[in-house]
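To start, the structure itself, in structure tokens.
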Amino acid sequence: MAALNRHDAAAMDTLMHFPHVRIAGGVVTVYQQSGNNPMDLFERLRKQDGWHHSAWNETRLVQSSPAKAHYAVRYTRYREDGSVIGIYDSLYVLSLLGGAWKIQSRSSFGP
């Protein structure tokens with residue numbers, strides 16, 4: 001979340017395995033490699049809703065194996081004045097590949 005709030009795409013990429021799958025708004029997007037994570041989403045959120053930052057409300061492990069874990073997460077998007085834009089639920093799939101646990105895919109009810 002810290003990398004996201006800094007709009008640090010390179011730092012976000014270090015937390016993801018590629019290809020990386022994102023399901024949101026009825027669209028399935030596959031980011032084939034590092035550097036494909038579009039940062040324009042956050043610029044659009046700022047223009048549309050006044051988005052300033054996001055914060056985790058909950059991260060809960062719901063299933064796991066020695067090489068994969070499913071986390072139900074909830075986060076809130078805020079404006080600079082602290083008012084809430086929305087609270088969103090997602091499912092994150094983390095995989096152990098190449099000796100590193102990273103996010104392999106996300107399915108979000110947020111935009």
*Count of segment 38-85 residues which are out of contact with any helix residue (DSSP H, G or I) (no Cβ under 6 Å at 6 or more places or on another chain), under 17 Å from D8 (Cα atoms) and among the hydrophobic types (A, V, I, L, M, F, W, C)*: 4
_With the requirement that a residue be within 22 Å of E80 (Cβ to Cβ) and touching a Phe, Trp or Tyr at 6+ places or on another chain (Cβ under 9 Å), what does segment 6-42 give you?_
H7, F42
*Please name all residue pairs, on different chains or six or more residues apart, with Cβ atoms under 8 Å, provided the first residue is in segment 55-79 and is over 15 Å from M1 (Cα atoms) and polar (S, T, N, Q) and the second residue is surrounded by 11 or more Cβ atoms within 10 Å (Cβ to Cβ) and modelled with pLDDT of 95 or more.*
Q63/A69; Q63/H70; S64/H70
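Sort out which residues of segment 8-32 are more than 12 Å from the chain's Cα centre (by Cα) and more than 20 Å from W101 (Cα to Cα), and write them in order of number. Explain how you work it out, then say what you get.
Quick first cut of segment 8-32, residues more than 12 Å from the chain's Cα centre (by Cα) only: 8, 10-11, 14, 17-19, 25-32.
Within segment 8-32, G25, G26, V27, V28, T29 qualify.
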_Within segment 39-111, considering only strands (runs of 3 or more DSSP E) that don't extend past its boundaries, which have at least 2 residues that are among the basic types (K, R)?_
68-79, 100-108
*Given (1) in contact with an Asp or Glu (Cβ under 7 Å, 6 or more places away or on another chain); (2) loosely packed, with under 12 Cβ neighbours inside 10 Å; (3) closer than 20 Å to S90 by Cα, where does N37 come up short, assuming only one miss?*
(2)
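The values are calculated or read from the model by the stated rules, or taken from the named source; none is laboratory data. As the structure is a computational prediction, the values presented were derived from the model and not from experiment. Don't worry about glycine lacking a Cβ; one is built from the backbone with ideal geometry, like all the others, and counts go over all protein chains shown.
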